[in-house]
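A.B. asks: To start, I am sharing the structure in question, which I have written as structure tokens.
The values are calculated or read from the model by the stated rules, or taken from the named source; none is laboratory data. Note that the coordinates shown come from a computational prediction; the quantities given were computed from them, not determined experimentally. Reconstructed Cβ throughout: ideal geometry from the backbone, glycine too, with neighbour counts over all protein chains shown. Accessible surface areas use protein heavy atoms only, side chains included; no ligands, DNA or RNA. Shrake-Rupley method; radii C 1.70, N 1.55, O 1.52, S 1.80 Å.
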Amino acid sequence: MKTRPLLWGLSVAVALTAPTAGAQQAAAPAVSEETDALTDKARQLYEEGRQAAAAGKWADAHASFLAAWAIKPHYQIASNLGVTCLKLGRNREAAEYLTRYLREAPATKVKERQSAEASLNEALAKVASVTVQAAPQGAEVIVDGVAVGKAPLMDPVFLDPGKHEIGARLDGHEPETRSIVATAGGKETAVLQLERTPSAQIGGRVDTSLSPVPGAPRDDVRTAVLVGGGIAAGAGVAAGVVFTLLANGRAGDAETSRQELIVEGDGYALCPDLNPVKCAELKDTVLAKVDLTNAAFWSFVAGGAIGAGTLVYGLVTMKSSESRPTVQVVPLLGTGASGLLVSGKF
């Protein structure tokens, strides 16, 4: 699928009056109010496509409908493209166009919608339908290396049988990818939760020498610093534990909401069309989970840094008959690990 087009992007289609009934019905006259919505050039290409479909020249019809779609992506063209793709064995594209037709065509077109649904069911029996749930909202969804839209996607992603890679990316977040083995007629759900990227590695020198408070005994100052540092380090670690528990709770709430939406949508959790209120609650819960996870991470980092700094201070200020130790502390924070680099002569 290296040449997979953007979902609904550059492909072209026109709704056949009865998509599964063959070339004769595909060439039925268009309703005046629909053809009036097309530009003159698109209308000309559309008519050429109808004539080719009536003659059973599906490849020519597909080319004409595709060119018309590039000019005017009208739902009428989407239905025609869906049927011609189905005739040519391009089942994935057929499912995409017919799904868009059913989403945009007026409910008053009862017979046309019934014919499109029959054609869509025929296409779905030969492809996999994948509902992609990516967060945060606005993340770019990638299928086999090609961008197909931004979350939340309005329609499922249709895949030919076989192995595929589905991922998402967003500035300031770690990209995520899932491998899916698509099966004909199968339905899948791909959940992609992007985590915010930790700050880039920071390196710097820390001056560990502290001047005693004037008039205060050196031992008293040292004791106060060690006790205060220990308390601060413990508070940081404790806060990290609390934030972690809260984040886990939010994650559980998000999963519960997602499962409720899947049940409500009969196997699909299409947001926000299915249930705008629940979808908004799910989004807020996911964002809260991400914020709490970040808070836990930085609390642990802060607690660890304070604890290490306090330990180094204690070593540096130890009484000794030998020369004063020389210590250099460099905090290290990165995506893979975090901590303190301590070097010097003790």
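A.B. asks: Can you pull the percent of region 91-178's accessible area that's carbon plus sulfur, 1.4 Å probe, other chains left in place? Display every interim value, and only then the final one.
C.D. replies: Details: 1860 of 3700 Å².
Summing carbon and sulfur atoms, their accessible area is 50 percent of the total for region 91-178.
A.B. asks: Rounded to the nearest 10 Å², what accessible area does residue 260 show when all protein chains are kept and the probe is 1.4 Å?
C.D. replies: Approximately 90 Å² for this residue.
A.B. asks: With charges set only on the Cβ (+1 for Lys and Arg, -1 for Asp and Glu), what does the dipole of region 98-205 come to about its Cα centre, in debye to the nearest 20?
C.D. replies: Working: 13 positive and 14 negative charges, 35 e Å.
So the dipole magnitude of region 98-205 works out to roughly 160 debye.
A.B. asks: Heads up, I need the accessible area for residue 171: 1.4 angstrom probe, whole protein in place, Å², nearest 10.
C.D. replies: Rounded to the nearest 10, that gives 150 Å².
A.B. asks: Round to the nearest 10 and report in Å² the accessible area of residue 279, as given by a 1.4 Å probe over the protein chains' heavy atoms.
C.D. replies: Spelled out: residue 279, probe radius 1.4 Å, area about 10 Å².
A.B. asks: Take the cross-link list 187/278; 111/278; 41/187; 72/187; 111/283; 87/109 and give me the ones stretching past 28 Å between alpha-carbons. Please report the intermediate quantities before stating the final value.
C.D. replies: Numbers: 187/278 22 Å; 111/278 33 Å; 41/187 39 Å; 72/187 31 Å; 111/283 37 Å; 87/109 23 Å.
Flagged as over cut-off: 111/278; 41/187; 72/187; 111/283.
A.B. asks: Skip the ligands, DNA and RNA, and give the accessible area per residue of region 66-129 with a 1.4 Å probe, whole Å².
C.D. replies: Numbers: 2420 Å² over 64 residues.
Here the per-residue accessible area is 38 Å².
A.B. asks: In addition: Quick one: ranking 183, 244 by accessible area, 1.4 Å probe, largest first, what do you get?
C.D. replies: Numbers: 183 75, 244 50 Å².
Descending order: 183, 244.
A.B. asks: Positive end of the charge dipole of region 110-165 (Lys, Arg +1 and Asp, Glu -1 on Cβ, about the Cα centre): tell me which of 149, 121, 162 has its Cα farthest that way.
C.D. replies: Checking the options against the dipole of region 110-165, the answer is 121.
A.B. asks: Between residue 51 and residue 150, what is the label-point separation in nm under the 7 Å Cα-to-beta-carbon projection?
C.D. replies: 4.2
A.B. asks: Here is a follow-up. When the solvent-accessible surface of protein heavy atoms is calculated with a 1.4 angstrom probe, in what order do 264, 96 fall, highest first? Let's see the in-between values first.
C.D. replies: Working: 264 85, 96 5 Å².
Listed by decreasing accessible area, they come as 264, 96.
A.B. asks: Extension gain residue 241-residue 196, at 0.36 nm per residue separation less the Cα-Cα distance, in nm? Don't skip to the end; give the middle numbers.
C.D. replies: Working: separation 45, 0.36 × 45 = 16.20 nm, distance 1.91 nm.
Computed gain between residue 241 and residue 196 is 14.3 nm.
A.B. asks: Quote the charge dipole size of region 48-165 about the Cα centre in Debye, to the nearest 20; the model charges only the Cβ of Lys and Arg (+1) and of Asp and Glu (-1). Walk me through the numbers on the way to the answer.
C.D. replies: On the way: 14 positive and 13 negative charges, 66 e Å.
Around 320 debye, computed over region 48-165.
A.B. asks: Provide the gained length on full extension for the span residue 117 to residue 318, in nm with one decimal, where the gain is 0.36 nm per separating residue minus the Cα-Cα distance. It would help to have the intermediate numbers written out before the result.
C.D. replies: Values: separation 201, 0.36 × 201 = 72.36 nm, distance 8.10 nm.
Length difference between fully extended and current span is 64.3 nm.
A.B. asks: Where does each of 231, 71, 180 land when they are ordered by accessible area, with a 1.4 Å probe and the largest first? Kindly include the intermediate steps, with their values, before the conclusion.
C.D. replies: Numbers: 231 115, 71 75, 180 20 Å².
In descending accessible area the options line up as 231, 71, 180.
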